[in-house]
Amino acid sequence: MSRPRTNAGPDPAPGPTQDETGSRGRVRGGAPGGTGEAASASPRISGIPRIEFSTSGLPDWLAPVRHVADTVEPRQLSRFLPPPDGAGRPSAVLVLFGDGAEGPELLLMERSSSLRSHAGQPSFPGGAIDPEDGDPEGEGPLRAALREAEEETGLDPSGVQIFGTLPTLYIPVSGFVVTPVLGWWHRPTPVSPVDPAETARVFTVPVSELTDPANRAMAVHPSGYTGPAFALEHALVWGFTAGVIDRLLHYAGWERPWDRGRRVTIDRAT
């Protein structure tokens, strides 16, 4: 089984803390409502002609990620679970893997510096699940993730193969209940900010940079938040997004030993 250009390390990583994650209903390795290899086509909703949900034809290096989607439990990701009373605003993000010039990569975007919350912070494309997206416990997260990605980055959803989700996560500071939707960018299309007032830039990050120990650190925010971060050349990825990436790298076996004593300070305004 081939993997990204990394050296796997056995050391366990700390789970996300403070504003990180939790779990609610999800799709585990198959189409909503079942399992199996065949693609699942869905009718047109929210401008998305159809959703291709399939585990067939994925590149070999994505097999560990698919395994994570099939097996990881909520408490392995975080101690923060969605409220049992169903409170919180359902939302979804697209965790999109592509095959770039430097090997496997992830699609990220940077939020505009003019936004009231999380200004200038790198993140996955995504947002709240709208009523037209459908049932938040069914295909709603899949449709919302693709719709938001198209609205924010100009991504063509028809070039994305959805192959699973992670447990639904919770962000206490904002009250969002977030489903990370896993996608394979089998037909890449040009991406760029659709609305500069919301998105400052759209970029990809090689997985090899995310696993490089020189780019790993723990973020410390004046609010008391402490969690994994990725100090990349052109971006500091922290918070919810970094927590999801950190756990994916760990459970996919791609993580390399890194210095958890290294700290990066986050500006209070972020």
Original post:
Restricting attention to the stretch 214-232, does a residue exist that is surrounded by 19 or more Cβ atoms within 10 Å (Cβ to Cβ), modelled with pLDDT under 95 and over 14 Å from Arg263 (Cβ atoms)?
Top reply: no
Original post:
Of all strands (runs of 3 or more DSSP E) completely enclosed by the stretch 149-237, which ones contain at least 1 residues that are hydroxyl-bearing (Ser, Thr, Tyr) and in contact with a strand residue (DSSP E or B) (Cβ under 9 Å, 6 or more places away or on another chain)?
Top reply: 160-165, 169-171, 176-185, 199-206, 226-231
Original post:
Within the stretch 111-120, is there a residue that is in a strand (DSSP E or B) and not aliphatic (A, V, I, L, M)?
Top reply: yes
Subject >> Filter result for the condition that a residue is modelled with pLDDT of 95 or more, within 16 Å of the chain's Cα centre (by Cα), crowded, with 20+ Cβ neighbours inside 10 Å and not small (Gly, Ala, Ser), over Val237, Val191 >> reply: Val237
Original post:
Can you tell me which residues in the stretch 81-102 are over 19 Å from Ile245 (Cα atoms), touching a residue at least 12 places away in the same chain (Cβ under 8 Å) and among the aliphatic types (A, V, I, L, M)?
Top reply: Ala87
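The values are calculated or read from the model by the stated rules, or taken from the named source; none is laboratory data. Keep in mind that what you see is a predicted model, and the values were worked out from it rather than measured. Heads up, the Cβs are rebuilt from the backbone with ideal geometry, glycines too, and the neighbour counts pull from every protein chain shown.
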